[in-house]
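To keep things clear, I will list the structure first and then write my remarks on it.
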Amino acid sequence: MAYTLEEIRSRIETVVDPSRGTTLKDTNAIKHLGIDSEKNAVVLLLEIGVKSPEYTAVMTRLIAKIIKMDLGFAGVVIEYEQMRIPGLGKQLKILGIASGKGGVGKSTVTANLAMALKEIGKKVGIIDADVYGSNIPKIFDVEDQELQGTEDGNLYPIVKNGIELVSAAFLMGDNKVLMWRGPMLGKILNVFFKNTLWSKDLDYLLIDLPPGTGDVMMDVKNLVPDAKMVIVTTPHISAASIAIKAGFAAKELKQDVLGVIENMAFFEVDGVRHDVFGKGGGETVAKALEKDLLGSIPLGQPVSGHHSLFAPSEPIGIVYLFLARKLIKLMNA
């Protein structure tokens, strides 16, 4: 029996993209469908949430069963491409910086990782998604700036120290508190991802996530399902126990957790180490999540006089360069 392209499409559209939990029809994922009459094979181009062997192998098996066993074709050729929001380059690497609780220095880690990536030669942007406690504008000394836009409603990121930045704080007046519920938070993330005019040659986009496991983490998963995650903790047992929950939440959402960063790990005076906030929290989180402890960042103040950003020549700046190089390898693996 000969099948039309419409009939083949209707059968394939029922397959679920396991990286998004939605059918191929729901996401209009079939970008090309054709028949190679000489080989009696179906040829497909599919756009999926996360292009990785973990997911493509599952989908290939399901589609091959439909095409070969149910419809009687001799074969199927499938090419997968990564789903990406228009305006975000196909090669852009996206990294979420998460923590279980506030006060562990997550925003400082985000900012210094961005600076280290830039020092290595990468073009970097930051989305300050910690909408209830935006710190990125303060860290980069751009609190008094406003986002500029186009007539059609798109926004230009603010550029400071070569880093492109957007933050909810740029959309509000001084000292105003954001009192939005989940759906409104989703809207502001849509603006940051879909209506921000990021440079087309951006290499890395870091997302400073709010502490905890709320709506923002789930919205990020829906908007950029291929985003990787890093969990930040301190050595203190209370921070570590909550960081574990954040890590498990990310894994539950099927986000790829690259590892754990331990911030404020120790304070060194005249070569003597002082464990100000306890010891072992980073290792505890890493072990629980079955991930690597990527590095430990000591307590300290920038020698340059800046309140948060470390120069690449400073000891802590060198730690961030080490972490940045390690993350580059992990995200390109």
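The values are calculated or read from the model by the stated rules, or taken from the named source; none is laboratory data. These numbers come from a predicted model, not from an experiment. Note that each Cβ is placed from the backbone with ideal geometry, even for glycine, and that neighbours are counted across all protein chains shown.
Scanning the stretch 223-246 for residues that are free of Cβ contacts under 8 Å to residues at least 60 places away in the same chain and under 15 Å from the mean Cα position of the chain (by Cα) yields a count of 0. When we screen Lys68, Lys25, Lys39 for residues that are within 26 Å of the chain's Cα centre (by Cα), not assigned by TED's automatic domain parsing to the domain that holds Pro298 and not hydroxyl-bearing (Ser, Thr, Tyr), the only hit is Lys25. When the residues of the stretch 1-13 are narrowed to those that are more than 13 Å from Leu46 (Cα to Cα) and either of a type in the set (Lys, Arg) or touching a strand residue (DSSP E or B) at 6+ places or on another chain (Cβ under 7 Å) (or both), which ends up surrounded by the fewest Cβ atoms within 10 Å (Cβ to Cβ)? Going through the qualifying residues, I end up with Leu5. If only residues of the stretch 240-281 that are charged (D, E, K, R) and part of a loop (DSSP other than H, G, I, E, B) are counted, the one that is surrounded by the fewest Cβ atoms within 10 Å (Cβ to Cβ) is Asp270.
Here Leu171 passes the criteria (1) touching an Asp or Glu at 6+ places or on another chain (Cβ under 8 Å); (2) modelled with pLDDT under 90 except the one numbered (1). When Val220, Val232 are checked against the criterion of being assigned by TED's automatic domain parsing to the domain that holds Lys138, under 28 Å from Pro137 (Cα atoms), touching a Lys or Arg at 6+ places or on another chain (Cβ under 8 Å) and buried (at least 23 other Cβ atoms within 10 Å of the Cβ), a single residue qualifies: Val232.
For the stretch 16-32, the set of residues classified as buried (at least 16 other Cβ atoms within 10 Å of the Cβ) and in contact with a strand residue (DSSP E or B) (Cβ under 8 Å, 6 or more places away or on another chain) consists of Asp17, Ser19, Arg20, Leu24, Thr27, Ala29, Ile30, listed by residue number.
Answer with yes or no whether Gly133 is among the small types (Gly, Ala, Ser), more than 16 Å from the chain's Cα centre (by Cα) and in a loop (DSSP other than H, G, I, E, B). In short, yes.
When restricted to residues that are assigned to a strand (DSSP E or B) and under 16 Å from Gly295 (Cα atoms), the stretch 207-239 contains 5. Evaluated against (1) free of Cβ contacts under 8 Å to residues at least 40 places away in the same chain; (2) crowded, with 20+ Cβ neighbours inside 10 Å; (3) touching a Pro at 6+ places or on another chain (Cβ under 6 Å), Glu143 falls short on exactly one condition, (2). Taking the criterion of being among the aliphatic types (A, V, I, L, M) and under 24 Å from Pro53 (Cβ atoms), the residues of the stretch 1-31 that qualify are Ile12, Val15, Val16, Leu24, Ala29, Ile30.
Looking across the stretch 307-333, the residues that are surrounded by 14 or more Cβ atoms within 10 Å (Cβ to Cβ) and not in a helix (DSSP H, G or I) come down to Ser308, Leu309, Phe310, Ala311, Pro312, Glu314.
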